[in-house]
Amino acid sequence: MSTLTTYVYAFAEGGREMADLLGGKGAGLAEMTRLGLPVPPGFTVTTEACRIYLATGQEPLGLAAEEARALAVLEQAMSRTLGAPDDPLLVSVRSGARFSMPGMMETILDIGLNDRSVTGLAKASGQERFAWDSYRRLVQMFGRTVMGVDGDLFEQAIAARKAQRGTRDDHDLDAGELALLAEEFKAIIRRETGEDFPQDPAEQLRRAVRAVFDSWNGERARVYRRRERIPEDLGTAVNVQAMVFGNLGPDSGTGVAFTRDPATGARGVYGDYLPDAQGEDVVSGVRDAVPLDQLKVLDPRAYVELGDHLRTLECHYRDLCDVEFTIERGRLWILQTRVGKRTAEAAFRIAHDLRAEETITADEALARVDGTELARLMFPRFDTTPADMPLAHGVAASPGAAVGVAVFDSAEARRRAAEGQYTVLVRRETTPDDLPGMIAAQAVLTSRGGKTSHAAVVARGMGKVCVCGAESLTVDPVARRFTTDTGVVVREGDTVSVDGTAGTVHLGALPLTASDVGRALETGESTGPLTEAVLATLAHADSVRRLQVRANADTPEDAARARALGAQGIGLCRTEHMFLGERRKLVEAMILARDDTAREQSLAALLPLQRADFTGILEAMDGLPVTIRLIDPPLHEFLPDRTELAVRLASSAHPDVHDRELLAAVERLHEQNPMLGLRGVRLGLAVPGLMAMQVRAIAEAVAHRLDVGGRPHAEIMIPLVGTVEELRLARTEAERVLAEVTARTGRGLDLPIGTMIELPRAALTAGSIAEAADFFSFGTNDLTQTTWGLSRDDAEASFFPLYLEKGIFSVSPFETIDHEGVGRLVELAVEAGHAVKPSLQTGVCGEHGGDPESIHFFHRAGLDYVSCSPFRIPAARLEAGRAAV
Ligand code: ADP
Ligand code: MG
Ligand code: MG
């Protein structure tokens, strides 16, 4: 081929390093060709050509000529001519973007057939039925995807033909009937579009390529990209490939194979095989495939050869690979490969095994898993007894436990999800049109199809629970119900439990219990290959990470739990939670106090309670740092609701004096914007004695722990500081109390005193603030609110959905740290703080501390630790490790 090639590459010219240009499928086909695997020859039209076409509405200059040249080379290699009347070359036209989007875009098979070449194909293959079946498939696919005809019209014509014949199986239609079908299809196309099905093979090819380009902007492809966060502007490549035929009789067939089990990660070749069929039949789940093992019996030679190729691929890609293959009259062809999608469980096991086999390093194994997957494995599972009889068994296609109400179509799943209901989408089989419903539902249940059916592949990719091929169920989407083989009827709205790990579905809501992984993480003991893989991977993460991981915890119980899960201290201990319940009355009394004596009395009553809280937490975290934040929220949060009080007073014959005082206090403390009001350090400075009481409780708890031989490491954290003056005043007050307790107890109590950085002004003046601070803790929740000028509680419910849809955010800035804005402030503050005080300790205690992507950012920003809720600690440890390799 000419060296001037720009938009077209023969498979033999490409390779895996060219995936941006050739798409994942094209790069895989090229790489396999390079490895000498049996790949039907062909060429790839680049994603760049697609981008130009989508931007301008026109194919780039020179593309047609390049395609023609590549086709000529292909024809020569195959010694046949596209669509020639006798023995025609046929090709497939296949989409293939940079990132795999299974089933999201179009593929058209058997291009090159027309009224004349169909008889040539019949003669050359010696199979008339096959030739006409291929032709009707082409007219059908072309009509639907290229010419935009409603696919149901073709399906109805097939159903009518079968009814006339008195059969339900496509296979019973003979050559004559298929020829009639092809005619009917052409008539449908003419009727629907006013145009004839194109007989010219070159025109077929040209239009098919365009249709694949256009499919990039199809509705379901867009939905999928948004969900998978695949950029909108990549475009797709198009692969044109010589057809091979799996539907030439019992010595032919097609299948999908994995180098390991993509559901569990277990070693050993795994897959589905469908004799006498075309590739599309497997993926669509239209016919039920047999386990790949059976190929050993059906065609031992092809089976061995396939095994060899799978090994070659796994060695080469050093990871789980999957392939689509076709056997044409005993000859094996590989039609696609990629590094396969897998469940969270399989991800951990495969990475661990490949490391044990020395195929990859421990660092690589760590990079192959992520915190989101680990969190998924920690989800609870069903606590079933043998008495819990399932409604049905199916294929355990994607593991996990889900409870929801049964729904029977995508629209209903979305409608109920919008109302906050959990749903289980029940279908006979799914198609790409079901995608929105699959996203909305908690689980997917189908009555047909195997582990490689659409439902299984897509659910696995999304980490959604899925049981497929539950064949004993009769699903009736029109009546909105399914029936079991014992006659149980489950209607729309009935609650079911789907166990994607066991492959069962149960009536009602089953109880949940901790997962094996969750338990192993708390006890440190492995109970099988999965927990062993998780613990080993996490141990490696711990050995390489620089970021420490602390917990946000306010009680001794949470602290102990967090510690068991690997927390290296507490990064945020909120004290206001300790003022709820019974103690509310004491806080009320403090707020209502008329004079210093009354206030001091109520504070004195709070002191021993707070001291006991801190003692318990310091004990649970003995030897590790515990950062205690002084009271933060506005005081009115501790008082009753204003309207409620006013109503109570108005409707009572003898208004309560206390209520009246309360209402006055509520009104006095009322603020238009409490989030920006009297809270944090402002409160500590405004309410005499409050801060001193809290510091005294901390100091006395520390002294007590020292007395009993403990190793307490309390740190005092002042919230919402905007200027160093505030911090200086607070610090002076705290140091005064510490000195006083030191004098009284004889215990040296110089506790670190630091501040939260959660206002832009604090970040911008971090250099001066650092002079009065021993540490910074970034409160990225408030920092995000104040930097963006938006309220999390209001904005997330009101306009965030719109912003996400319009692409203004790709993810909520409260979920993943906004690198350029809020993140920039963090970087500035760390830098300025360290310039003034190199020993300054820095950490983050907002929700972002447990978010995988944000953790990588904090690692790069040079923080010392992240702090997150106890449940997220293992995932945070893992991500901190991944950030370091
Ligand atoms: P998807 O990306 O949705 O998997 P593919 O491009 O892989 O779409 O094509 C769909 C099916 O068509 C595949 O299962 C494949 O086996 C079959 N197919 C594609 N090209 C050929 C070919 N040249 N010969 C035989 N079958 C093919
Ligand atoms: Mg495919
Ligand atoms: Mg805050």
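Between the C-alpha center of segment 42-86 and that of segment 291-339 there is a gap of 29 Å. DSSP bridge analysis restricted to the chain gives an antiparallel fraction near 65%, rounded to the nearest 5.
For segment 476-515, rounded, prolate or oblate, judged on the Cα gyration tensor with a ≥ b ≥ c (square roots of eigenvalues), a/c < 1.5 rounded, else prolate if a/b > b/c? Prolate, because a/c is 1.5 or more and a/b exceeds b/c.
Rounded to two decimals, the Cα radius of gyration of segment 645-718 over 2.2 N^0.38 Å is 1.72. Normalised by residue count, segment 381-513 yields a Cα convex hull volume of 88 Å³ per residue. Ordering Ala441, Ala12, Gly850 by Cα displacement along the dipole of the chain toward the positive end leaves Gly850 in first place; charges were set at the Cβ atoms of Lys, Arg (+1) and Asp, Glu (-1). Rank Ala401, Pro874, Ala70 by how far each Cα sits towards the positive end of the charge dipole of the chain (+1 on Lys, Arg Cβ; -1 on Asp, Glu Cβ) and give me just the farthest. Looking along the dipole axis, the top candidate is Pro874. Could you tell me whether segment 685-844 comes out rounded, prolate or oblate from its Cα gyration tensor? Rule is a ≥ b ≥ c as square roots of the eigenvalues, rounded for a/c under 1.5, then prolate if a/b exceeds b/c, otherwise oblate. Prolate shape, in that a/c is at least 1.5 and a/b is the bigger ratio.
Under DSSP H, which helices of the chain have Cα atoms covering 24 Å or more of the helix axis and a Kyte-Doolittle average no less than 0.0?
Those that pass (Cα extent of 24 Å or more, hydropathy at least 0.0) are 175-193, 596-620, 690-707.
Close amide H partners of Leu512, meaning residues 5 or more places away or on another chain with modelled amide H under 5 Å apart, are Asp383. Were the residues from Thr555 through Glu815 laid out at 0.36 nm apart, the gain over their Cα-Cα distance would be 91.1 nm. Rounded to the nearest Hz, the phi-derived 3J(HN,Hα) couplings of segment 624-630 under the Karplus curve 6.51 cos²θ - 1.76 cosθ + 1.60 (θ = phi - 60°) are 10, x, 10, 8, 9, 8, 5, where x marks glycine and proline.
The packing ranking, built from the mean of other Cβ atoms within 10 Å per residue, places the peptides 61-67, 118-124 in the order 118-124, 61-67, highest first.
The gain in end-to-end length when the Arg583 to Asp363 segment is fully stretched comes to 74.2 nm, 0.36 nm per residue minus the alpha carbon separation.
When segment 253-339 is described by a simple charge dipole with +1 on each Lys and Arg Cβ and -1 on each Asp and Glu Cβ, the residue from Ile334, His316, Ala263 located farthest towards its positive end is His316. Does segment 100-196 come out rounded, prolate or oblate by the C-alpha gyration tensor, with a ≥ b ≥ c the root eigenvalues, rounded set by a/c under 1.5 and, if not, prolate when a/b is larger than b/c and oblate if not? It comes out rounded by the Cα gyration axes. Only Lys, Arg, Asp and Glu carry charge here, each on its Cβ (+1 for the first two, -1 for the last two); on that basis the chain has a dipole of about 460 debye about its Cα centre.
Compute the distance from the alpha-carbon center of segment 473-502 to that of segment 754-803, in whole Å. About 49 Å separates the Cα centre of segment 473-502 from the one of segment 754-803.
Each peptide in 35-46, 502-513 was scored by the mean count of other Cβ atoms within 10 Å over its residues; highest first, the order is 35-46, 502-513. Helical content of the chain, expressed as a calculated mean residue ellipticity at 222 nm, amounts to -14000 deg cm²/dmol (DSSP H runs of 4 or more residues, -39,500 (n - 2.57) each, divided by residue number, nearest 500).
Given R₀ = 56 Å, FRET efficiency for Ala739-Asp20 by Cβ-Cβ distance, to 0.05?
Using R0 = 56 Å, I get an efficiency of 0.30.
With 10 Å bins beginning at zero, the pair-distance distribution over Cα atoms of the chain amounts to 2, 11, 17, 20, 17, 13, 9, 6, 4, 1, 0 %. Could you work out the local net charge near Arg34, counting Lys and Arg as +1, Asp and Glu as -1, over the other residues with Cβ closer than 12 Å to its Cβ? Within the 12 Å Cβ shell, the charges total -2. Net charge dipole, segment 381-513: roughly 240 debye, given to the nearest 20, about the Cα centre with Cβ charges of +1 for Lys and Arg and -1 for Asp and Glu. What's log10 of I(q)/I(0) for segment 253-339 at q = 0.16, 0.25 Å⁻¹, Debye sum over Cα points only, no solvent? For segment 253-339, the Cα-only Debye profile gives -0.55, -1.35. For Asp864, the amide hydrogen comes within under 5 Å of the amide hydrogens of Thr842, Gly843, counting only partners 5 or more places away or on other chains and with H modelled in the peptide plane.
Rounded to the nearest 20, the Cβ-based charge dipole of segment 253-339 about its Cα centre (Lys and Arg +1, Asp and Glu -1) stands at 280 debye.
Taking packing as the residue-averaged number of other Cβ atoms within 10 angstrom, the listed peptides 598-610, 345-357, 846-858 run from highest to lowest as 846-858, 345-357, 598-610. Each principal axis of the Cα cloud of segment 33-84 was taken in turn, and the coordinate range along them, longest first, works out to 36, 30, 15 Å.
Annotation for segment 422-467 versus segment 655-684: alpha-carbon center distance of 52 Å. The mean sequence separation of alpha-carbon pairs under 8 Å and at least six residues apart, normalised by the residue count of the chain, gives a relative contact order of 9 percent.
Distance between the pseudo-spin-label points of Asp485 and Val647 (7 Å out from Cα toward the beta carbon): 5.7 nm.
None of the figures in this text is laboratory data; all of them are computed from the coordinates on show. Quick caveat, the model's predicted, so the values are computed rather than measured. Positions of Cβ are generated from backbone atoms using ideal geometry, with glycine treated the same way; all protein chains shown enter the neighbour counts.
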